[in-house]
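Working notes, beginning with the structure itself.
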Amino acid sequence: MFRNVIASNARACTVSYTRSIHATPATSTVTEKVSEMAGKVNKKVGQGLASAIETGEKAAGKTKETLGSTTASAKQKTEGAKQTTQKTTEQAKQKVDQAAAGARETKDDVKGRMSK
């Protein structure tokens, strides 16, 4: 019986002395991981903001172009309206002058007939 116990212990010792696989510990600590993630988030936010700024600049440029062409068009239309108004005013003055001349002639005719 004593032999059996020694023999079983000897096997247990030889079997338990097998080579175990050793894993290397993690190379980064929690603070390093947090710092890495914060850097990634910062990069993504920065890229998003840069994209938004570029889009805003493009929109501002297009707005300036549109306003410039609209302003030029409005100035042209205003000048056209001024010219039309001046022509109409001149025509109206001519017609008033013609009407006044016609009224004078009529007045002279009436005076001439009454004095006869």
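A short reminder: the numbers here are calculations on the coordinates, not readings from a lab. If you're wondering where the values come from, they're calculated on a predicted model, not measured in any experiment. Cβ: placed from backbone, ideal geometry, glycine included. Neighbour counts: every protein chain shown.
How many nm is it between the label spots at K77 and A99, if each spot is 7 Å from the Cα in line with the beta carbon?
3.2
Students often forget the sequence filter, so: which lysines lie under 21 Å Cα-Cα from K93 once same-chain residues fewer than 8 apart are removed?
Straight-distance partners of K93: K82, K107.
Show me, for segment 50-66, the HN-Hα J-couplings you get by feeding each phi into the Karplus relation (A = 6.51, B = -1.76, C = 1.60, θ = phi - 60°), rounded to Hz, glycine and proline as x.
Whole-Hz 3J(HN,Hα) from phi for segment 50-66: 4, 5, 5, 5, 4, 4, x, 5, 5, 5, 5, x, 5, 5, 4, 4, 5.
Once you have the Cα-Cα distance between A92 and K40, take 0.36 nm times their residue separation minus that, and quote the gain in nm to one decimal.
Working: separation 52, 0.36 × 52 = 18.72 nm, distance 7.67 nm.
Gain in length upon complete extension: 11.0 nm.
From the phi of every residue in segment 83-91, what ³J(HN,Hα) in whole Hz does the Karplus formula 6.51 cos²θ - 1.76 cosθ + 1.60 yield, where θ is phi - 60° and glycine or proline is x?
5, 4, 5, 5, 4, 5, 5, 4, 4
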